[in-house]
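Please see the structure below; I have some questions.
The values are calculated or read from the model by the stated rules, or taken from the named source; none is laboratory data. All values reported here derive from a predicted model rather than from experimental measurement. All Cβ positions, glycine included, derive from the backbone under ideal geometry; neighbour counts span all protein chains shown.
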Amino acid sequence: MSSKIQLPAYGQPAMGMNWIGLRTLYLKEVRRFMKVQLQTVWGPALTTLLFLAIFSLALGRGDRTELGVPFADFLAPGLIVMGMIQNSFANSSFSLLVGKVQGTIVDYLMPPLSNAELMLAMVGAAVTRAFLVGGAVWLAMVLWPGVSVMPKALPVALLFGLLGSALVAQVGILTSIWAEKFDHAAAVTNFVIAPLALLSGTFYAIDRLAPTFQAISHANPFFYIISGFRYGFLGQTDSNIFLGMSILAVLNLIFGFIVYRLLCSGWKLRA
């Protein structure tokens, strides 16, 4: 009696991790945004530098300090990581959405990649863009007069940059799964990502706020990203570093699970 060949389930690898496929999709996503790097890397870096110049001139006069350091030194790390998380979201929210709009979503769904590998490749590419933008901004700030951006705890800064950009990348994938047109993704950017980033303590220490607004800030996950990243540069912060690290790690696991399950279900991706 002949035995039947058992094929792997759709979206699941035959055995082990498909490292070649994962690397190929990751490089494809990286090359996509690097082809227009003036728009995807250097443009955001210039915008972040303009924020530094404007707010330093407007609010940094009179020897103003925050957390015991000059205002420009306080502001710089927050602007770096804010640029990182915004561009991480922009990258991951684009890939699947443009495939749905242009009818090329099959290019993501048909290759022999598991749903986990698909997710890892897109998150990895988004995190890569985030760190390229962050590195470009940091390099420019090193040459900026009157600003010190030499990290005092580099591993902490890198860890919070990784946790933050990975978290927002997963939110971006979730957005690209849900969205049916570019207006939907733009709405999430304008009404969710931008307000959370701007109201997260980037431009101020939250101890200056009223108790109610301090509580609201502590409920904002972007606050822990920026506060922890800033600690890596200044050695000082206005939050509990280990609490922030734990919250971001848990949120990464939660959103990772949600994105994985949606990819497995094919919701708004497969007919």
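Answer yes or no: is there a residue in segment 153-174 that is within 19 Å of residue 99 (Cα to Cα), in a helix (DSSP H, G or I), touching a Phe, Trp or Tyr at 6+ places or on another chain (Cβ under 8 Å) and not hydrophobic (A, V, I, L, M, F, W, C).
Here is the first cut: in segment 153-174, the residues within 19 Å of residue 99 (Cα to Cα) are 169-174.
Then drop every residue that is not in a helix (DSSP H, G or I), which leaves 169-174.
Right, trim to touching a Phe, Trp or Tyr at 6+ places or on another chain (Cβ under 8 Å) and you get 169-172, 174.
Among the residues that remain, those that are also not hydrophobic (A, V, I, L, M, F, W, C) are: 170, 172.
Scanning segment 153-174 turns up at least one residue that is within 19 Å of residue 99 (Cα to Cα), in a helix (DSSP H, G or I), touching a Phe, Trp or Tyr at 6+ places or on another chain (Cβ under 8 Å) and not hydrophobic (A, V, I, L, M, F, W, C).
Can you tell me which residue is surrounded by the most Cβ atoms within 10 Å (Cβ to Cβ) among those in segment 187-246 that are hydroxyl-bearing (Ser, Thr, Tyr), over 20 Å from residue 55 (Cα atoms) and out of contact with any helix residue (DSSP H, G or I) (no Cβ under 8 Å at 6 or more places or on another chain)?
Here the answer is 246.
Let me ask something additional. Looking at the structure I just gave you, is residue 47 among the hydroxyl-bearing types (Ser, Thr, Tyr), surrounded by fewer than 19 Cβ atoms within 10 Å (Cβ to Cβ), over 21 Å from the mean Cα position of the chain (by Cα) and farther than 19 Å from residue 175 by Cα? Can you show your working first?
Working: among the hydroxyl-bearing types (Ser, Thr, Tyr): yes; surrounded by fewer than 19 Cβ atoms within 10 Å (Cβ to Cβ): yes; over 21 Å from the mean Cα position of the chain (by Cα): no; farther than 19 Å from residue 175 by Cα: yes.
Against the criterion (among the hydroxyl-bearing types (Ser, Thr, Tyr), surrounded by fewer than 19 Cβ atoms within 10 Å (Cβ to Cβ), over 21 Å from the mean Cα position of the chain (by Cα) and farther than 19 Å from residue 175 by Cα), residue 47 does not qualify.
I would also like to ask the following. Kindly list, by first and then second residue, each pair from a residue in segment 100-116 that is within 11 Å of residue 270 (Cα to Cα) to a residue that is modelled with pLDDT under 85 and of a type outside the set (Val, Ile, Thr), limited to pairs with Cβ atoms under 7 Å and residues at least 6 apart or on different chains.
Between residues of segment 100-116 that are within 11 Å of residue 270 (Cα to Cα) and residues that are modelled with pLDDT under 85 and of a type outside the set (Val, Ile, Thr), the close pairs are 109/270.
Cβ-Cβ under 7 Å, sequence separation 6+ or interchain: first residue in segment 61-81 and of a type in the set (Ser, Thr, Tyr), partner modelled with pLDDT of 80 or more. Which pairs?
65/71
Would you please list the contacts, defined by Cβ atoms under 6 Å and residues six or more apart or on different chains, that run from a residue in segment 173-188 that is of a type in the set (Gly, Ala, Ser) to a residue that is part of a helix (DSSP H, G or I) and surrounded by 12 or more Cβ atoms within 10 Å (Cβ to Cβ)?
Note: pairs meeting the criteria are 176/93; 176/96; 176/97; 179/97; 179/185; 185/93; 185/97; 185/175.
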